[in-house]
Amino acid sequence: MDFKRLAGSRRFLGNSTLVALLSVVVLVNIIINALVTRFSWYLYTEERYEHTVGAASETLFADVGNEERVRVIFCTAEETLEGDTVRALVLNTFRQLAERHAFLTLEFVNIYLNPSAVRDYTSRTTASGETVTYTLSEDSVILVSDKGFRVESLSSFFILNGEGVITAYNGEEFALAAISWVLADSHPLVGFTHRHGENFSELSAFSTILMAAGYDMTLLDLTKDVPADVAMVVIANPRWDLDRGAGGIDAELDRLAAFLDRGGHLFVSLDPYAKSDLTGLRAFLADRGLSASQDIVYDAEASVTYDGYTLGVGAAPSSLGTAVWDRVGATDTDLAIVSDASVITCTSTDRFTAEPILVTSKTSKTYKNGVLTDEGGSYPVLAVSHRTEGGVRSSVILTSSVYLLANDVLNSAVYENRGVLLATLEETVERPMPVGCTLLPVGNERLEGLTMKTARLYAVLLTVAVPLTVAAVGVFVTVRRKIR
């Protein structure tokens, strides 16, 4: 018998079998992936999520008096909440808070069997005189104190994408915000300007942050004086300029100036691609120490996209920037995200102190109409101008990137946009904020936090290191077989 020939044929059969098996596996994988993509199939497995509250509540509720009480009323049975993955998260968050803070008590009411128990919580009146009406259901959570009440839905404690799918649990922050709200003596208004092409479609997450600051919200008409109960004005991504007064006649910018003189706060987000140059508004901001150019910041290294215009930005080396970043508790490697940002120049005057909060990296540069205009780096993209006169404090907060307020980055568990905005409001308008709460991602498998520099490293590892490893193993096996 020819043993060499037999051994060779066995190796051939073994290799052929291995190749055939791998081919079948690859083919089946291709078919399954095609079917999954075509028919949106998925394998459902219910996950049990757990979230532990952090130390944010200790800071936020440090001054709550012993006589104060907050009742948290769930409009369904306790065992029903415990038996549901989503509802149990909210229940357990309030349980943990109640264990830490004696002023909190939890109650459970079946609103169908006992509707009279919650009859008083179907409407309330805001500071502006508007009536807010609530439709109570078994998913309602009612927070009640001696100073007022607020009704929320269980869904409010979660972050949903555009299709209404839960992507993260933000119950800790939302619970702290709602508790703070009912403990507050008053609820000042945030007035959102309109009539200038402002864009409100991406402001739901920002509105939640303002709620965390204790505000109610309303639309603001600057053809009239700013009402006395408005404490903050928001101008979000205007497409057209605000009017300036002439001949002693007040106009929109004059009313804004009077609002700031009485101690108001102004928040402005500017889009460098606005249809109008916004000459009047830009001059108004420059008079208060904040000049926003229309030069766009580009950075190939700190970008999270290949075009170089969506950037990771960090703390500015200013007293306010340091205070904000310290309050967030971030590290040197943590980033906030902006996109299509222009440069803000901070120039303090005898009345206003202007300070940057977020700056781009040292490797960034600026372009205008495709032409390189500067290579200095470290450009401010979020800044604050503030003053205190006669014991009255006012401030102007300016961001040159509308993306800083976008829902997807404010709702990210990776980027620090949310914490930065909360801490900025805390430092400037001097209202305590639930800074330091953590999001719990729910079924979110997106790769976040990757700058292009890191992505290139991953690409090298995947395209070079892995093949080299496979080749090395192949050479080792081949040589070992020949030696045998």
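So, in region 221-241, of the ones that are touching a Gly at 6+ places or on another chain (Cβ under 6 Å) and either surrounded by fewer than 22 Cβ atoms within 10 Å (Cβ to Cβ) or without any contact (Cβ under 8 Å) to a residue 12 or more places away in the chain (or both), which residue ends up nearest to Phe192 (Cα to Cα)? Here the answer is Val230.
When Thr223, Thr131, Thr135 are checked against the criterion of being of a type in the set (Val, Ile, Thr) and over 26 Å from Phe74 (Cβ atoms), a single residue qualifies: Thr223. Can you tell me which residue is modelled with the highest pLDDT among those in region 402-457 that are hydroxyl-bearing (Ser, Thr, Tyr) and not in a helix (DSSP H, G or I)? Of everything passing the filter in region 402-457, Tyr415 is modelled with the highest pLDDT.
Going by the conditions given, is Val402 touching a residue at least 24 places away in the same chain (Cβ under 8 Å), aliphatic (A, V, I, L, M), surrounded by fewer than 24 Cβ atoms within 10 Å (Cβ to Cβ) and not assigned by TED's automatic domain parsing to the domain that holds Ser318? The answer is no for Val402. If you filter region 325-342 down to residues that are in contact with a Ser or Thr (Cβ under 9 Å, 6 or more places away or on another chain) and not charged (D, E, K, R), you find that the one that is surrounded by the fewest Cβ atoms within 10 Å (Cβ to Cβ) is Ser339.
The strands (runs of 3 or more DSSP E) found entirely in region 131-219 that carry 2 or more residues being more than 19 Å from the chain's Cα centre (by Cα) and under 20 Å from Gly65 (Cα atoms) are 140-145, 148-153.
Consider Val132 carefully, then state whether it is crowded, with 18+ Cβ neighbours inside 10 Å and either in contact (Cβ under 8 Å) with a residue 40 or more places away in the chain or not charged (D, E, K, R) (or both). Don't jump to the end; show me each part of the working.
Numbers: crowded, with 18+ Cβ neighbours inside 10 Å: no; either in contact (Cβ under 8 Å) with a residue 40 or more places away in the chain or not charged (D, E, K, R) (or both): yes.
Criteria not met by Val132.
Only one of the listed residues (Thr345, Thr322, Thr360) is out of contact with any Pro (no Cβ under 6 Å at 6 or more places or on another chain), surrounded by 21 or more Cβ atoms within 10 Å (Cβ to Cβ) and under 30 Å from Pro432 (Cα atoms). That residue is Thr360.
Consider region 85-122 and keep the residues that are small (Gly, Ala, Ser) and exposed (fewer than 15 other Cβ atoms within 10 Å of the Cβ). The one that is farthest from Phe174 (Cα to Cα) is Ser116. Scanning region 63-82 for residues that are over 26 Å from Asp120 (Cα atoms) and at pLDDT 90 or above yields a single hit, Glu82. Set side by side, the residues Leu253, Leu270, Leu203 differ, and just one is out of contact with any Ser or Thr (no Cβ under 9 Å at 6 or more places or on another chain), modelled with pLDDT of 90 or more, assigned by TED's automatic domain parsing to the domain that holds Leu398 and farther than 14 Å from Leu189 by Cβ, which is Leu253.
The values are calculated or read from the model by the stated rules, or taken from the named source; none is laboratory data. Values in this document were obtained by computation on a predicted structure and should not be read as measured data. When we count neighbours, we look across all protein chains shown, and the Cβ atoms used for this are built from the backbone with ideal geometry, even at glycine.
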